[in-house]
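No lab work stands behind these numbers, since they all come straight from the coordinates. Everything numeric in this text was worked out from a predicted model, so none of it was measured. Glycine gets a Cβ as well: all are built from the backbone with ideal geometry, and neighbour counts include every protein chain shown.
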Amino acid sequence: MTVETPARFSPLSAWQDRLARLPAGVRVRELPFLSQLTLRAEPGGAAAKAVEGCLDVTLPGPSRAEMSGDVKVLWTGPDEWLLVAPDGRREELVPRLRAAVGDGFATVTDVSAQRTTLALSGPLVRAVLAQGCAIDLDRRVTPVGSCLTTLLAQAPITLVVRGEAASSVWLLVRSSFASYVAAWLLDACTEYRGG
Amino acid sequence: MNNPFRVRGHGHVDPDTTLSFTFDGRTYTGHPGDTLASALLANGVHHVADSIKYGRPRGVLAAGAEEPNALVQIEAPFPEPMLTATTVELYEGLVARGLSGQGRLSDRPDPARYDTLHAHCDLLVVGAGPAGLAATLTAARSGARVILVDELPQPGGSLLGSQELLDGAPATTWAGDVIAELGTCADVQVLRRTTAFGHYDDGLVLALEKRTDHLGAAAPAHVSRQRIWRIRARQVVHATGAHERPVAFDDNDRPGIMLAGSARTYLNRFGVLPGRRGVVFTTNDSAYPAALELAEAGVRIAAVVDAREEVPEHWRTACEERGIDLRAGHVVTGTSGTGRVSRAHVAAFAQGRLGDRRGVDCDLLLVSGGWNPAVALFSQARGALRYDAEAGAFVPAQPLDTVRTAGSAGGTFTLSGCLADGADAARRALAAIGGTGRAVSLPATVPLPATVPLSDGAPAQVLWRVPSPRDGQDGTHQFVDLQRDALVSDVLRATGAGLRSVEHVKRYTTIGTAHDQGRTSGVMTSGIVAEALGVDIADLGTTRFRPPVVPVAFAALAGRNRGELFDPVRVTALHPWHVEHGALFENVGQWKRPWYYPGAGETMEEAVLRESRAARTGVALMDGSTLGKIDVQGPDAGVLLDRLYTNVMSTLEVGRIRYGVMCGVDGMVVDDGTVIRVAEQEFLLTTTTGNAAKVLEWMEEWLQTEWPGLRVHLTSVTEHWATIPLVGPRSRDVLALVAPGLDVGNDAFPFMSWRDATVAGVAARVCRISFSGELAYEINVPAWYGIGVWEALLAAGDAFGITPYGTETMHVLRAEKAYPVIGQDTDGTVTPQDLGMSWVVSGKKPDFVGKRSFTRAENRRDDRKRLVGLLPADERVLLPEGAQIIATSGIPEPPVPMLGHVTSSYRSAALGRTFALALVRSGTERIGDTLYVPLDGRTVPVTVTDPVLFDQEGTRRDG
């Protein structure tokens, strides 16, 4: 029997049409299949420095994300970061980072399919999120580069502020909650659809 | 304008637009800006409903949320019960009827949307009266982020109900100007028709905005009807105003009896005269402007009855000039009337004694017993209150760090004082968060007698109740809580029964438990209790204020969390396939798991027997992706697992798998699962579906609080993997087809080992574990590939009759093998030994969580409940799970000695009969015995067996 690599399906592959029909002012796109790794290391320690050297980034501090590079780094806890890289990088990054850490104590775990990433943009994003997210998205409180693990309605999310006053954000949502979040976002936009 | 009681030149309604509405079956008209109450009064309708207990006619007492009487049921456009007519904005086509107590919920689903919005600010101001507007303006001009919420559709608060002038113009003009300026500030948000109803810790204030209620049938469907605002404020100013309170006297509940300030509001805000001939009964100065303004507008004021001997000269003069009979040192002792009030009984009152009574004819009796600052929110925020003897009211004792009151909410009752207090409160609030409040020039007030309320005049007299002139009757006609029909005599009965706390009196009498939260009755009750007990009301205090301040519909609280968004539905990567192939689903926590896949015309029983048979005789597969998965990495990973599992994990070789049990400190089973050793310093463990988060938290808690020195990290990878158990004697054949590079032979790939392999073209981890006793593999691939691999397995297994199965079949298969399900066969009182799994508890390890408890005498008792099998004598009888087990065939007299209960019960295809698992006292010793299960009034005999009922020798696991 011949075996071919089967197709991949992202958690929101069935939602693309509905997400494409949102009202003007909010755009929602799934960024599927991103490589995602959980990094656990003592901040400022030798292992953390080894990772920084390997990736050529500075691990961001609390509630911040470093979004400039190819491998983006999201702070998710006092000794925890989520590394987000383009599709197809996970097989390469895991061994490379583990090698860089060497005998030091830091751990790298492939969690690529654990979450999917939603890119939201538009002037209505802040108002839509305010329907279910308790974080103050004022530009003075959560400037660009802020990264917060919180709730959107009843779903755990990690939120990265990419544009001023949340005009553009990333939401990272666990795969099992993705369809709930998509349904919630569609419903939250009802108010802006007009009569 | 064809409303008989509407007066020209007064009010803020739009007289050019007429709205038609129906009340109690009759059609009336009103205007935009009216409330249902003001429109009814404009039509001369005072009787709203009869009271709930005594069936007495009741009218409109107040003009706002403090209304205790005028409850209505809205019938159209959509039924809604128990709204106060004083807070329902009038709209075209409104259909309502008066309510005697309870209303009726609609039997149709509410088509309106309700939603929630989070908001944040430096300063939240509650109330857009003079104090609130001054506070907001001060903060806004200082550049702060401000939110102003106000319950009314127009700004101004108390200014709307008065004829006050500011800078020589009507005060409402100033209010409008302030709102216009606030509208130009980017960081200021003004929410109208919004009531703050709860003040919680850390500056969280909940407010209800009524967004489209006032539009009636014209409300657009896509806009939420009501919105709950969740406002987080660094500082809060409560400019919530004050509520007037009545005085208790005989028959003080008739329609036409109204609070004096409310009557003033009906005139000035709505242009409505609440009667033609009025008597005013007051204990303080604030009723005089009401009397004079109403007289000016055409109401004949037959008498002003002032309980005080001393009345300020300017009020005397003003009454004289208008020919109003002023009776100082007098009280109203009672009323007459059939339905509406037609006469007030007036008597001199001095040293607690009543003089002779005289009747004064009237159709309107205005009452003022003083003003209670609206401190409910402040009290909710844990602000302390103190009794102000002069005002006869409870006022804030001192501000909190983040919460302060302003204006009459804090006991300041002059307009100039309220304006200054509001500005000051804002400056203090901004200073508390490191800002600076800019000085704002406040408008000039006019110190004319006719506009001087309370504090500028003579002191008020505190009078809770007027003695009853009825012989030997102590308050049996004096109403305290009009909605609850509770009387002064009820309060006295409570104190007579020995109750001394106002909290107890509240529960005994139900005073203050209705929709209005006792705004007009609470402080009066404290006063009456204090008098009855001879204690100081300052020591007695008030009942506790709790949210919500105003009634809030459950629909609003639920918001958008209804229907498919009620609770998150978690689904696996394979979910679309299950849906497409007709699976029925079982809720496991928030997960939807396929329960079984019925064929055409198949019952559940038939489907499960078919699925089980396939797994035992051919090949079957299921979606196991919901199993919790935790990656454990680090040099001390083995140490951590040895301490948390009852058995040894650190000796596991890379490539091998071990079953493990975790216990609590009490030695009771918490969870079970498998542990695979991925690498020297990496393990991957599985948890039961429902316990995934709990086990991770449990492990993190031990790691972070007890053993922070261990170099281990835990990472949830539950949703990274799609997990597919492939089960049955032909599973090896199927796997071989899709994983041609994998040696699937029993020696090369033995039981309880794992291999990385390419399955259906995807890098997979394949584990040889079995939850059925059959030869089985568990195939794990990144979730994106789940459907593709699942379909490849189906295609490869087609020739073998491969069958997808659900959780029900999974349960039958595992129960036949006595594999327990944590939380079903255990309940937190079950040890591994009770489950017959002593082998999983290490005797060698120096310590692990739960070990110490295994030496407790209780844990070593021979007669503990143990897991056993049960075979009903009638092999068709399916015992209900949870059924009790007894020793005798007849049910003895209670208390019936219970030996245990059925934990799992199924029909088995493999056994050709029903069977059950049960926890039975001394169960192991009872194997072979007959016990009984009471069922439908009889008992079912059952034979106790070893829990493993199928393939006891374990010959099937290698195929």
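Counting charges near B:R921 (Lys, Arg +1; Asp, Glu -1) among other residues having Cβ under 9 Å from its Cβ returns a value of +3. Given R0 = 60 Å, the distance between the Cβ atoms of A:A14 and B:T930 translates into a calculated FRET efficiency of 0.65. Distance between the pseudo-spin-label points of B:L533 and B:T22 (7 Å out from Cα toward the beta carbon): 5.1 nm.
Using θ = phi - 60° in the Karplus curve 6.51 cos²θ - 1.76 cosθ + 1.60, the 3J(HN,Hα) couplings for segment B:562-568 round to 9, x, 5, 9, 4, 9, x Hz; x is entered for Gly and Pro. Once the chain from B:H581 to B:H314 is taken as fully extended at 0.36 nm per residue, the excess over their C-alpha distance is 87.4 nm. For segment A:147-157, 3J(HN,Hα) computed residue by residue from phi via the Karplus equation (6.51, -1.76, 1.60; θ = phi - 60°) reads 9, 10, 9, 7, 10, 10, 6, 10, 10, x, 9 Hz, glycine and proline entered as x. Under 5 Å from the amide H of B:V403 lie the amide H atoms of B:V236, each residue being 5 or more positions distant or on a separate chain, with H modelled from the backbone and absent for Pro and chain starts. Of all DSSP beta bridges confined to chain B, the antiparallel ones make up roughly 75%.
With r defined as the distance between the Cβ atoms of B:Q952 and B:V639 and R0 fixed at 35 Å, what FRET efficiency is calculated, to the nearest 0.05? All intermediate terms of the calculation are to be shown ahead of the outcome.
On the way: r = 36 Å, r/R0 = 1.04.
Taking R0 as 35 Å, the efficiency between B:Q952 and B:V639 is 0.45.
Applying 0.36 nm per residue to the separation of B:T651 and B:A679 and subtracting their alpha-carbon distance, the gain on full extension is 8.9 nm. Quick check on chain A: take the gyration tensor over C-alpha atoms, sort the square-rooted eigenvalues as a ≥ b ≥ c, and tell me if it's rounded (a/c under 1.5), prolate or oblate. Cα axes put chain A in the oblate bin. Spin-label model, B:R277/B:R544: points 7 Å from Cα along the beta carbon direction are separated by 5.1 nm.
Taken about its Cα centre, segment B:470-534 carries a charge dipole of roughly 160 debye when the Cβ of each Lys and Arg holds +1 and the Cβ of each Asp and Glu holds -1. Which is farthest toward the positive dipole end of chain B among B:V13, B:L644, B:A796, measuring Cα position about the Cα centre, with Cβ charges +1 (Lys, Arg) and -1 (Asp, Glu)? After comparing all options, I get B:V13. Tally Lys/Arg at +1 and Asp/Glu at -1 over every other residue whose Cβ is under 15 Å from the Cβ of B:P443; what's the total? Local net charge: -4. Taking the average, over residues, of other Cβ atoms within 10 Å as the packing measure, peptides B:519-530, A:75-86, A:21-32 rank B:519-530, A:75-86, A:21-32 from highest down.
Report the calculated FRET efficiency for B:E606 and B:Q824 (r = Cβ-Cβ distance, R0 = 25 Å), to the nearest 0.05. Present the calculation step by step, with values, prior to reporting the outcome.
Values: r = 24 Å, r/R0 = 0.94.
Computed FRET efficiency for B:E606 and B:Q824 comes out at 0.60.
Ellipsoid semi-axes for segment B:715-870, based on the Cα gyration tensor and the rule √(5λ), read 36, 18, 15 Å when sorted largest first.
Nothing charged except the Cβ atoms of Lys and Arg (+1) and of Asp and Glu (-1): what's the magnitude of the dipole of chain B about its Cα centre? Round to the nearest 20 debye.
Working: 93 positive and 110 negative charges, 106 e Å.
Using Cβ point charges on Lys, Arg, Asp and Glu, chain B gives about 500 debye.
The alpha-carbon of A:K72 sits under 17 angstrom from the alpha-carbons of these lysines, leaving out residues fewer than 8 places away in its chain: A:K49.
The mean count of C-beta atoms from other chains within 10 Å of the C-beta of residues in B:561-572, rounded to a whole number, is 5. Charged side chains reduced to their Cβ positions (Lys and Arg at +1, Asp and Glu at -1) give the protein assembly as shown a dipole of some 380 debye around its Cα centre.
What full-extension length gain, to one decimal in nm, is calculated for B:M898 and B:D50 as 0.36 nm per residue of separation minus the Cα-Cα distance?
Length gained between B:M898 and B:D50: 299.8 nm.
Amide H to amide H, with H built 1.01 Å from N, B:M258 comes under 5 Å of B:L365, B:L366, B:V367, counting only residues 5 or more places away or on other chains. Taking amide H as placed 1.01 Å from N in the peptide plane, the amide H of B:Q478 sits under 5 Å from that of B:D251, B:V488, B:S489, each at least 5 places away or on another chain. For B:K592, the lysines whose Cα falls under 22 Å of its own Cα, not counting residues fewer than eight places away in the same chain, are B:K629, B:K694.
For chain B, the residue among B:V146, B:S612, B:T184 whose Cα projects farthest onto the positive side of the dipole built from Cβ charges is B:V146.
When you count, for each residue, the other Cβ atoms within 10 Å and take the mean per peptide, how do B:128-135, B:721-728 rank with the highest first? Numbers along the way, then the final one.
Working: B:128-135: 32.5, B:721-728: 26.9.
Averaged packing, sorted descending, gives the order B:128-135, B:721-728.
Angle of helix B:692-701 to the longest C-alpha principal axis of chain B, folded into 0 to 90 degrees and rounded to 10: 80°.
Modelled label positions at B:A748 and B:V877, each set 7 Å beyond Cα in the direction of Cβ, lie 5.2 nm from each other.
Near B:R58, once Lys and Arg are set to +1 and Asp and Glu to -1 for all other residues with Cβ below 11 Å from its Cβ, the sum equals -1. Starting from the Cα of B:S100, step 7 Å toward the Cβ, then list every residue of segment B:35-59 with an amide N under 16 Å from that point. Counting only backbone N, you get B:47-59.
Backbone geometry of segment B:937-945 corresponds, through the Karplus equation with coefficients 6.51, -1.76 and 1.60 at θ = phi - 60°, to 3J(HN,Hα) couplings of x, 10, 10, 9, x, 9, 9, 7, 10 Hz, x marking Gly and Pro.
Placing unit charges on each Cβ (+1 for Lys and Arg, -1 for Asp and Glu) gives segment B:628-716 a dipole about its Cα centre, and among B:W702, B:L684, B:M668 the Cα reaching farthest toward its positive end belongs to B:L684.
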